[in-house]
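Student: Take a look at this one; I'll ask things after.
The values are calculated or read from the model by the stated rules, or taken from the named source; none is laboratory data. Just so we're clear, the structure is a prediction, and the values are computed from it rather than from any experiment. Here the Cβ positions follow ideal geometry from the backbone for every residue, glycine too, while neighbour counts run over all protein chains shown. SASA here: full protein model, heavy atoms, side chains in, ligands and nucleic acids out. Shrake-Rupley method; radii C 1.70, N 1.55, O 1.52, S 1.80 Å.
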Amino acid sequence: MLKPNALPTVPRWAVLAAHAVPLAVLPAGLWRLALGFGVPVVEASPYLNASPGTLSYMIALTVLSEVLAFLTLGLVRPWGEVFLGRRVNPRLATGAALAGAVMLVAAVGWSAYAEYAGLGDGDGTVMTAAQQALFFGCYLPLAAWPVLLAAVAIAYHRRRTGRPGDGAATPGRPGPRG
């Protein structure tokens, strides 16, 4: 079995959750790139076979999303505690992660509302039932991103600040492995 390169004091569930984040984000990015490059993931859309500017935006959004998702791994790996030779402030790292989780909840909430209210129906995108199922199958995993990020951030904070529970190591005794 593949063993992720995580710190020994990190609970196994947190390691798995951190590694799940980039995987949850990937399908939406692949769908977006497929649309931009003209793969028939929709019947009709102004974004199908996108212009060079729109395609650049879609690529940049996909890359940015994956980079931000990969930062979750810093909450379970050594570079999340010491980066470029300097100790990472646990409150700063936790605060940034939780702020990101709140922003993601807002984005997911707004997207769900906009879909429910039909706010995006005017862009000319037409999908068959199979294409809609593919779309939702690719975008629904994004809803897990803020939940997983918040859980891993709280475990990171507890571990780094020495709070009991969730794998915090005590002097002379390593924390649980999961």
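Student: Of the numbered conditions (1) open to solvent by 60 Å² or more (accessible area, probe 1.4 Å); (2) not in a helix (DSSP H, G or I); (3) not β-branched (Val, Ile, Thr), Ala50 fails exactly one; give the number of that condition.
Tutor: Every condition holds for Ala50 apart from (1).
Student: Please work out if Ser56 is polar (S, T, N, Q), open to solvent by 40 Å² or more (accessible area, probe 1.4 Å) and more than 20 Å from Pro146 (Cβ to Cβ).
Tutor: On the way: polar (S, T, N, Q): yes; open to solvent by 40 Å² or more (accessible area, probe 1.4 Å): yes; more than 20 Å from Pro146 (Cβ to Cβ): yes.
Taking the combined requirement at face value, the residue satisfies it.
Student: Please state which one of Ser45, Ser65 is closer than 27 Å to Ala151 by Cα, among the polar types (S, T, N, Q) and touching a Gly at 6+ places or on another chain (Cβ under 7 Å). Steps first, please.
Tutor: Working: Ser45 fails: closer than 27 Å to Ala151 by Cα.
Exactly one residue qualifies, and that residue is Ser65.
Student: Just to be sure, is Asn5 assigned to a loop (DSSP other than H, G, I, E, B), open to solvent by 90 Å² or more (accessible area, probe 1.4 Å) and without any contact (Cβ under 8 Å) to a residue 24 or more places away in the chain?
Tutor: Details: assigned to a loop (DSSP other than H, G, I, E, B): yes; open to solvent by 90 Å² or more (accessible area, probe 1.4 Å): yes; without any contact (Cβ under 8 Å) to a residue 24 or more places away in the chain: no.
When the stated conditions are applied, Asn5 does not pass them.
Student: Let me confirm something: among Ala107, Ala101, Ala93, which residue is assigned to a helix (DSSP H, G or I) and in contact (Cβ under 8 Å) with a residue 60 or more places away in the chain? Step through it out loud before you land on a result.
Tutor: Values: Ala107 fails: in contact (Cβ under 8 Å) with a residue 60 or more places away in the chain; Ala101 fails: in contact (Cβ under 8 Å) with a residue 60 or more places away in the chain.
Checking each option against the conditions leaves just Ala93.
Student: Just checking, how many residues over region 75-90 are assigned to a loop (DSSP other than H, G, I, E, B) and aliphatic (A, V, I, L, M)? Break it down stepwise before answering.
Tutor: Applying the first criterion (assigned to a loop (DSSP other than H, G, I, E, B)) to region 75-90 yields 76-77, 81, 84-85, 88-89.
Going one step further and asking which of them are aliphatic (A, V, I, L, M), we end up with 76, 84, 88.
Final tally of qualifying residues: 3.
Student: Still on this model: If I filter region 25-38 down to residues being closer than 25 Å to Ala97 by Cβ and open to solvent by 10 Å² or more (accessible area, probe 1.4 Å), which single residue comes out as farthest from the chain's Cα centre (by Cα)?
Tutor: Going through region 25-38, the residues closer than 25 Å to Ala97 by Cβ turn out to be 25-30, 32.
Still in the running and open to solvent by 10 Å² or more (accessible area, probe 1.4 Å): 26-27, 30, 32.
Numbers: Leu26: 9, Pro27: 11, Leu30: 14, Arg32: 16 Å.
The qualifying residue farthest from the chain's Cα centre (by Cα) is Arg32.
Student: If you don't mind, another one. If Thr72 satisfies every condition in (1) in a loop (DSSP other than H, G, I, E, B); (2) of a type in the set (S, T, N, Q); (3) surrounded by 15 or more Cβ atoms within 10 Å (Cβ to Cβ) but one, which is the exception?
Tutor: So Thr72 meets the others, but not (1).
Student: Only residues that are open to solvent by less than 30 Å² (accessible area, probe 1.4 Å) and in contact (Cβ under 8 Å) with a residue 12 or more places away in the chain: list them for region 118-159, please.
Tutor: Step one: filter region 118-159 for residues open to solvent by less than 30 Å² (accessible area, probe 1.4 Å), giving 118, 131, 138, 145-146, 149-150, 152-153, 155-156, 159.
Scanning region 118-159 gives Gln131, Cys138, Trp145, Pro146, Leu149, Ala150, Val152, Ala153, Ala155, Tyr156, Arg159.
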